[in-house]
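Step one of this worksheet: look at the structure below.
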Amino acid sequence: MTTNAKSFEERAASEPTELHKNFAEWLFVQTGVKPDLKTVQLVCSMRMDFQRSEENQKHLADRKKAAADKAAKAKAAKIAKAKETLAKLQAEIAAEEATSTPAEKPAPAKKATAPKPEDKPTVTRSRARKATATASEAPAQPKARAARTRKTAAPKAAAPTA
């Protein structure tokens, strides 16, 4: 709906409705401020026209741009501060490394070589036990498994109910 100055003048010339009167009374009760009835009527009837107006839209766009600029500046300041802190830490590390004694370089690791065929295997405890068992006694007989007996429980007698 396109509104023009004449329609604004016509709406301003009209009499306040019952809604405007009730709203003005409600505002007085809630705030303690006695509003002008004509002002309440104009605010109620023209609020949406104001929000759609070019003036208000320009104002809103300017506020949005200012907020974005402020956020970008804050982000840039935060990044600059982080870079400054990082540079200080790196300078401290470099100073520490320069003043500390140089660490000895570790000796190069020896390459593992495959065992030679003439090498004998290392005797471990389990191999030593097996060697003494086979040399001193005859092969052991496997133990017979003990038969499990299942105990059958006698059914419990039902307790008398009172």
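The values are calculated or read from the model by the stated rules, or taken from the named source; none is laboratory data. Since the model is a prediction, treat every value here as computed from it, not as a measurement. Glycine gets a Cβ as well: all are built from the backbone with ideal geometry, and neighbour counts include every protein chain shown.
Overview of results
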quantity: Single match in THR3, THR113 (criterion: in contact with a Lys or Arg (Cβ under 9 Å, 6 or more places away or on another chain), in a loop (DSSP other than H, G, I, E, B) and at pLDDT below 95); calculated: THR3
quantity: Scope the range 24-56; condition within 17 Å of PHE8 (Cα to Cα) and not in a helix (DSSP H, G or I); matching residues; calculated: SER53
quantity: GLU54 vs. criteria among the acidic types (Asp, Glu) and exposed (fewer than 10 other Cβ atoms within 10 Å of the Cβ); calculated: yes
quantity: Among (1) in contact (Cβ under 8 Å) with a residue 12 or more places away in the chain; (2) within 49 Å of the chain's Cα centre (by Cα), the one test that GLN30 misses; calculated: (1)
quantity: Subset of the range 26-42 (residues that are exposed (fewer than 10 other Cβ atoms within 10 Å of the Cβ) and among the hydrophobic types (A, V, I, L, M, F, W, C)); calculated: VAL29, VAL33
